[in-house]
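Novice: One structure is given below, represented as structure tokens, and several questions about it will come after.
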Amino acid sequence: MPFFKNLSAYDDRSARLAGIALMVLSISMFSFGDAMGKFLVGTYSVGQLLFLRACAALLLLAPLIWRQRHQFLHLERPWLQLFRVVLSTLEVAAFFLATVYLPLADVVTYYLAGPIFVTAMSAIFLHERVGWRRWTAILIGFCGVLIALRPSAQTVSLPALIALGGSLSFATLMLITRSLRKTPDIVMASSQFIGTFSLGAALSAFHWVPPTPGSLVFFALAGCISVTALFCVNRSLKLAPASVVVPYQYSMIVWAVIFGFVVFGDVPQVATIVGAAIIIGAGFYIFLRERDLGRASEEVNPPV
């Protein structure tokens with residue numbers, strides 16, 4: 001009997017380690033895809049990036065969509081599903097639009113505030129109970145955002161506000177995803193790509209640059225990476241509790257700094273580093289507090 005108890009504990013530990021590994025892998029893949037997207041929008045429009053990237057992703061998802069097509073017929077709260085797709089599309093577009101003008105690390109820093117925004121909005125709009133400790137962490141996190149934003153008449157730029165708006169859209173998206181937990185994973189993932197496909201197609205009609213064969217490879221790779229990384233995240237959250245694996249999403253800022261420096265020559269400013277550290281600390285405390293209270297966050301879908 002003790003042997004089987006030890007075996008069960010070993011299996012649980014192995015599952016958690018596998019979940020952590022998948023989360024770290026997915027974040028590195030998302031970061032690579034983000035850097036690739038920033039590279040492509042230096043030549044092509046954001047709309048064209050969204051369109052061709054979504055084409056590749058939907059082609060990869062097509063067999064799964066066809067196999068599980070019956071799950072698209074009866075969706076819970078269709079209007080809320082549509083609103084979720086709109087938010088998802090806007091936040092992805094805002095992310096890549098902001099990277100046209102800002103260093104990758106700056107944009108990612110604003111997006112790291114998403115979990116802090118989620119906790120604040122959960123208390124305000126969903127009337128979830130948030131104690132003084134988490135409200136303190138929320139306020140500290142907002143201070144981190146302000147430090148990174150460097151607000152003044154000279155430094156607050158439209159791209160920074162676009163990135164911050166995208167982060168708020170992402171937070172609202174996560175809140176809605178919480179309330180649509182019964183929606184199948186394939187519906188969640190494919191609907192987000194359908195949204196970016198639609199917006200990208202509309203925007204591309206006004207500004208289309210014929211892509212080179214090499215660029216087409218990058219567009220296809222960006223779409224395939226997004227799909228693979230998204231499935232890694234979902235699998236990670238099935239193997240281990242969200243409170244265990246979600247904090248590893250903060251490793252995104254490390255990748256953003258690395259890719260930003262190596263590929264684009266961006267050196268992060270001190271304010272960005274300090275702001276990111278404060279945001280990560282506040283967000284990590286919120287996750288720990290959620291776990292202690294037995295209210296660990298549900299699945300968090302990163303931008304696709």
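The values are calculated or read from the model by the stated rules, or taken from the named source; none is laboratory data. If you're wondering where the values come from, they're calculated on a predicted model, not measured in any experiment. Quick reminder, even Gly has a Cβ in these numbers, built from the backbone with ideal geometry, and neighbours come from all protein chains shown. Accessible surface is based on the protein model in full, side chains and every heavy atom, while ligands, DNA and RNA are left aside. Shrake-Rupley method; radii C 1.70, N 1.55, O 1.52, S 1.80 Å.
Novice: Run the 1.4 Å probe and let me know the accessible area of Ile258, rounded to the nearest 10 Å².
Specialist: Accessible area of Ile258: about 80 Å².
Novice: Sticking with this structure for a sec: When the chain is fully extended, how far beyond the present Cα-Cα distance does Ala62 get from Ile140, taking 0.36 nm per residue of separation?
Specialist: Length gained, Ala62 through Ile140: 23.7 nm.
Novice: Kindly list the residues of the stretch 86-102 that lie in the label zone of Arg150, defined by a backbone N under 19 Å from the point 7 Å along the Cα-to-C-beta vector.
Specialist: Answer for the stretch 86-102: 98-102.
Novice: Mean Kyte-Doolittle of at least 1.0 plus a Cα span of 27 Å or more along the axis: flag which DSSP H helices in the chain meet both, please.
Specialist: Those that pass (Cα extent of 27 Å or more, hydropathy at least 1.0) are 46-67, 78-101, 158-179, 185-204, 213-239, 270-292.
Novice: Is the stretch 93-206 rounded, prolate or oblate when judged by the Cα gyration tensor, a ≥ b ≥ c being the square roots of its eigenvalues, rounded requiring a/c under 1.5 and prolate requiring a/b larger than b/c?
Specialist: oblate
Novice: On alpha carbon coordinates alone, what is the Rg over Rh value for the chain, Rh being the Kirkwood radius?
Specialist: Across the chain, the Cα-based Rg/Rh ratio is 0.97.
Novice: State the extension gain, in nm to one decimal, for the chain segment bounded by Phe264 and Leu161, taking 0.36 nm per residue of separation less the distance between their alpha-carbons.
Specialist: Full-extension gain reported as 34.9 nm.
Novice: What's the Cα-based Rg to Rh of the stretch 222-267, Rh via Kirkwood?
Specialist: 1.10
Novice: To the nearest 0.05, how large is the calculated FRET efficiency for Leu75 and Lys238 if R₀ is 22 Å and r is the Cβ-Cβ distance?
Specialist: Given R0 = 22 Å and the Cβ-Cβ separation, E is 0.55.
Novice: No solvent, one uniform scatterer per C-alpha: report log10 I(q)/I(0) for the stretch 1-114 via the Debye equation at q = 0.12, 0.13, 0.15, 0.20 1/Å, two decimals.
Specialist: Here log10 of I(q) over I(0) equals -0.68, -0.77, -0.92, -1.18.
Novice: Give the longest segment of the chain that steers clear of chymotrypsin sites (Phe, Trp or Tyr not before Pro) in DSSP loops with at most 14 neighbouring Cβ atoms within 10 Å, not counting the sites themselves.
Specialist: Value returned for the longest uninterrupted segment is 1-205.
Novice: Could you give the length gained on full extension between Leu180 and Ala15, defined as 0.36 nm per residue of separation minus the Cα-Cα distance, in nm?
Specialist: 56.8 nm
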